[in-house]
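Q: This is the structure, below, for whatever I ask next.
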Amino acid sequence: MAAIFSLFLFFILFIVSLLIILSFIVRPRSVTIPIKFRHVFITGGSSGIGLALAHRAVSEGAKVSILARSTEKLAEAKRSIQLATGVEVATFSADVRDYDAVSKAIDESGPIDVLIVNQGVFIGKELEKQSPEEVKFMIDVNLTGSFNVIKAALPAMKAREGRGPASISLVSSQAGQAGIYGYTAYSASKFGLQGLAQALQQEVISDDIHVTLLFPPDTDTPGFEQELKKRPELTSIIAASSGSMKTKEVAKICFDGIKAGKFTVTCHFIGFLLSIASTGMSPQGSFWLALIEVIFGGLIRFVSLVFQWQWYKTIEKWSKEKQLLNVPHLACFPKISPFLHHSLFSTSNPSVFHSTSTRRALKSSSNSRIIKLQAVAETSSEIESSSVTEPTALTLRQICQGYVPEHILHRMEEIGFVFPTDIQREALPTLFTGRDCILHAQTGSGKTLTYLLLIFSLINPQRSSVQAVIVVPTRELGMQVTKVARMLAAKSEIDVKGCTVMALLDGGTLRRHKSWLKAEPPAILVATVASLCHMLEKHIFRIDSVRVLVVDEVDFLFYSSKQVGSVRKLLTSFSSCDKRQTVFASASIPQHKHFVHDCIQQKWTKRDVVHVHVSAIMPMPLCLLHRFVMCEKTNKHQVLLALLESDAPESAIIFVGEQSEKSKKAGNDPSTTLLMEFLKTSYKGSLEILLLEGDMNFNSRAASLTEIRQGGGFLLVSTDIAARGIDLPETTHIFNFDLPQTVTDYLHRAGRAGRKPFSDRKCIVANLITSEERFVLQRYENELMFSCEEMML
Ligand SMILES: NC(=O)C1=CN([C@@H]2O[C@H](COP(=O)(O)OP(=O)(O)OC[C@H]3O[C@@H](n4cnc5c(N)ncnc54)[C@H](OP(=O)(O)O)[C@@H]3O)[C@@H](O)[C@H]2O)C=CC1
Ligand SMILES: CCCCCCCCCCCCCCCC(=O)[C@@H](N)CO
């Protein structure tokens, strides 16, 4: 007992004396940096963390200047701060890479008391895939740019007199404390700040200037949103070790850290551990923290090794799966290799994540395939088909008999769906066995009817609960799906209880839907992601017991970073893949093997998900004539005008490329706007000129669409995103004012014309290209098997 007591006493004594020693030796001494009435200068202050810091500084009574490149974003930031606080900030447009410009801006702004070097760019990519320019860009902006800013500000900061302690703060990142997969250049640029800061602190301490390094985790800023679209999945998984935070929260913690004059500022507990694990020769002003570092350093190193172990395990797993997924793809086309018309069935590696390619025998009946698919249950499968196979004799009714209620089949035939399309013939038998499916087939191939028939085979109209949910990316597509579902569900006989379909789409009146959902839940719900999540988060209803969850245009949902988080939640938190049947539909699934793999790994679908791919071997509607005109970039407007006059379309869609980030940053008008202006002044024909843009708000999009539907011809200027899922059968001409970025985009665009039923009118797809673009178009021709003839004007 006495031994234990004396041991304890010894321990306490040890700690206390350590603390006393530390309290003497820690340097630099801690200070408080006053903010009120002082000049706070923030680089990158027009967006994200920098903007949030500016808000805080202003609200604490500082005189604030912000610097960034884009004058537009600066003006917007200025407006937002003025709106929130009534105070005007000074703005300076300069690129931190340009020392002279930065220096001029800083001189103009006056002596600085608190300098926050926050600008930063990040492009997460494996080094192998990163261009030397991108590497240089990150080092130049993040590291060299920081030197420029500090160097320009330092003389006046040092010369300030009697204004109390000053601060130079640098926004690093947790990726500046630990190297992270995908961040070679970014991590290097941010690690550089550590060296800069440590050395600088020694150089400026005698001028009472205190250096602070800030280490945020992933933060939901506009810059981060852009980054998320592209960064490797592994980067996201590893970065998830420390979660993500809201911009405001991060800014508050950082600002408090700056005021407290800390050298290292972390944003949460994991960040704190990380800072101790990576502390090295950082100065430490707090003796309490110094004590923790001394006592727990070793233990925290152990924790960091555990993290590393997890990361390396993940990386290993991914690379193995990637190899497995690279099993040669058994895609072959009957037209080219007739001997492969026999049923071909191959299992590759007997591993959990393997993908099996099956070839459809030309005349094998669908039933025999089900048996084959059963044989590989517990593995993901792939059904490949090309659209030039002979149609089998089975009708849609025969395929659906026994699964889909009679009155629905009856309605289906009344509406005119008698023979199955390829995707229906391929997918329905599998879907009826209850397996999850990825429906991968071109626009207009009948995917909607495919999943609707599955839904009707499963729901019980007597039950009063939401039994099927269809998630769509846009309101327009939602309305179309709802229309087809309602047409099928319409009661044909009095005694059959019809099944209700509700459209819960962005821009609708949610309040009315809320009470409807509560009082009488519809059997089928067609919803856009945002509205659906809103309802689920408000606990208006639940989707954990739905029988089927369909995600339509799935690639688009995942492409849009705004929606991706919500879609993931729908798939994994709000419901579980084991309890439902999951169907994904899309015209294009880039890297579909990866996608199948993700589905399984992320538990979006069950492990035995089937990828049904009706490949686009002859995807172009035959009624289309493809043409191109070669012209100079500067001459495109005139050429378009000439084409509109010579071709006299009944109705046309003019596709314009999405505006690049660069051009947006430069403050240019989007090309859609420019083209609209041009047409409005120069086009003398009778067609109504309309604009459809992806980021137009719902009301203006709806307005455009209604105008179109009112008949009369139209000239619709649109981007790819805006035109997704929109059906305008009157279209006779497609003008690719800008060449589409990908082959699938070409297909999507061209597929917008020639959809008017019973019309034998030839429709035109005209491409306005520069001579350099000729080979790109040629590639599309090869891939999609059409030929494009040159047109002379
Ligand atoms: N968001 C996150 O997840 C995390 C971010 N960070 C770091 O925080 C800082 C801010 O990031 P965040 O708010 O997300 O970024 P944003 O992309 O939202 O904002 C970046 C800001 O920097 C400006 N900027 C970019 N390049 C330059 C340049 N060459 N010269 C001058 N200004 C420039 C931008 O304006 P303009 O383009 O007009 O020049 C903008 O104001 C960065 O240093 C980043 O590395 C750290 C950890 C996590
Ligand atoms: C004891 C040791 C504990 C270790 C825990 C380590 C957790 C590290 C996670 C690193 C996350 C990196 C985020 C980068 C954010 C960023 O800068 C980009 N989003 C760019 O904007």
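Q: For the range 33-51, does any single residue satisfy the condition of being in contact with a Cys (Cβ under 7 Å, 6 or more places away or on another chain), open to solvent by less than 10 Å² (accessible area, probe 1.4 Å), within 16 Å of ligand 2 (Cβ to nearest atom) and at negative phi?
A: Within the range 33-51, not a single residue is in contact with a Cys (Cβ under 7 Å, 6 or more places away or on another chain), open to solvent by less than 10 Å² (accessible area, probe 1.4 Å), within 16 Å of ligand 2 (Cβ to nearest atom) and at negative phi.
Q: Okay, moving on. Collect the residues in the range 632-651 that are small (Gly, Ala, Ser) and open to solvent by 20 Å² or more (accessible area, probe 1.4 Å), keeping them in residue-number order.
A: ALA642, SER646, ALA648 - these are the residues of the range 632-651 that are small (Gly, Ala, Ser) and open to solvent by 20 Å² or more (accessible area, probe 1.4 Å).
Q: Only one residue in ILE106, ILE180, ILE81 is more than 16 Å from ligand 2 (Cβ to nearest atom) and under 22 Å from GLU225 (Cα atoms). Which one?
A: Sole residue among the options that is more than 16 Å from ligand 2 (Cβ to nearest atom) and under 22 Å from GLU225 (Cα atoms): ILE81.
Q: Oh, and also: Which one of the conditions (1) assigned to a helix (DSSP H, G or I); (2) within 14 Å of ligand 2 (Cβ to nearest atom) does GLN198 fail to meet, given that it meets all the rest?
A: All conditions pass for GLN198, except number (2).
Q: For residues that are open to solvent by 40 Å² or more (accessible area, probe 1.4 Å) and modelled with pLDDT of 90 or more, scanning just the range 675-694, find the one that is farthest from THR706 (Cα to Cα).
A: Within the range 675-694, the match that is farthest from THR706 (Cα to Cα) is THR681.
Q: Does any residue of the range 495-505 turn out to be open to solvent by 60 Å² or more (accessible area, probe 1.4 Å) and either within 25 Å of SER575 (Cα to Cα) or at pLDDT below 85 (or both)? Please lay out each step first, then the result.
A: Initially, the range 495-505 is screened for residues open to solvent by 60 Å² or more (accessible area, probe 1.4 Å), giving 495, 497.
With the extra rule that they be either within 25 Å of SER575 (Cα to Cα) or at pLDDT below 85 (or both), the set shrinks to 495, 497.
Checking the range 495-505: at least one residue is open to solvent by 60 Å² or more (accessible area, probe 1.4 Å) and either within 25 Å of SER575 (Cα to Cα) or at pLDDT below 85 (or both).
Q: Considering the range 263-283 alone, what residues qualify as being within 12 Å of ARG301 (Cβ to Cβ) and either within 10 Å of ligand 2 (Cβ to nearest atom) or open to solvent by less than 20 Å² (accessible area, probe 1.4 Å) (or both)?
A: Selection gives LEU273, LEU274, ILE276, ALA277, SER278.
Q: Name the residues in the range 128-165 that are away from ligand 2 (no atom under 16 Å from the Cβ) and in contact with a helix residue (DSSP H, G or I) (Cβ under 8 Å, 6 or more places away or on another chain), would you?
A: PHE147, ASN148, VAL149, ILE150, LYS151, ALA152, ALA153, LEU154, ALA156, MET157, LYS158
Q: Looking at the range 679-694, I want the residues that are touching a residue at least 24 places away in the same chain (Cβ under 8 Å) and of a type in the set (Gly, Ala, Ser) and have a partner that is surrounded by 12 or more Cβ atoms within 10 Å (Cβ to Cβ) and part of a loop (DSSP other than H, G, I, E, B) with Cβ atoms under 8 Å, at least 6 apart or on another chain. Which pairs are those?
A: Close Cβ pairs (under 8 Å, with a partner that is surrounded by 12 or more Cβ atoms within 10 Å (Cβ to Cβ) and part of a loop (DSSP other than H, G, I, E, B)) amount to GLY685/ALA648; SER686/GLY713; GLY694/GLU658; GLY694/THR719.
Q: Answer yes if at least one residue in the range 101-108 is touching an Asp or Glu at 6+ places or on another chain (Cβ under 9 Å) and either touching a residue at least 12 places away in the same chain (Cβ under 8 Å) or part of a loop (DSSP other than H, G, I, E, B) (or both), and no otherwise.
A: yes
Q: At least 2 residues that are within 19 Å of LEU170 (Cβ to Cβ) and away from ligand 1 (no atom under 12 Å from the Cβ) in each: list the strands (runs of 3 or more DSSP E) lying fully within the range 30-99 that qualify.
A: 39-43, 63-68
Q: Of the conditions (1) within 11 Å of ligand 2 (Cβ to nearest atom); (2) open to solvent by less than 60 Å² (accessible area, probe 1.4 Å), ARG301 fails just one. Which one is it?
A: Evaluating ARG301 over (1) within 11 Å of ligand 2 (Cβ to nearest atom); (2) open to solvent by less than 60 Å² (accessible area, probe 1.4 Å) leaves (2) as the failure.
The values are calculated or read from the model by the stated rules, or taken from the named source; none is laboratory data. Treat the numbers as computed from the prediction; the structure is a model and nothing was measured. Positions of Cβ are generated from backbone atoms using ideal geometry, with glycine treated the same way; all protein chains shown enter the neighbour counts. Remember, those area values only see protein heavy atoms, side chains included, never the ligands or the DNA or RNA. Shrake-Rupley method; radii C 1.70, N 1.55, O 1.52, S 1.80 Å.
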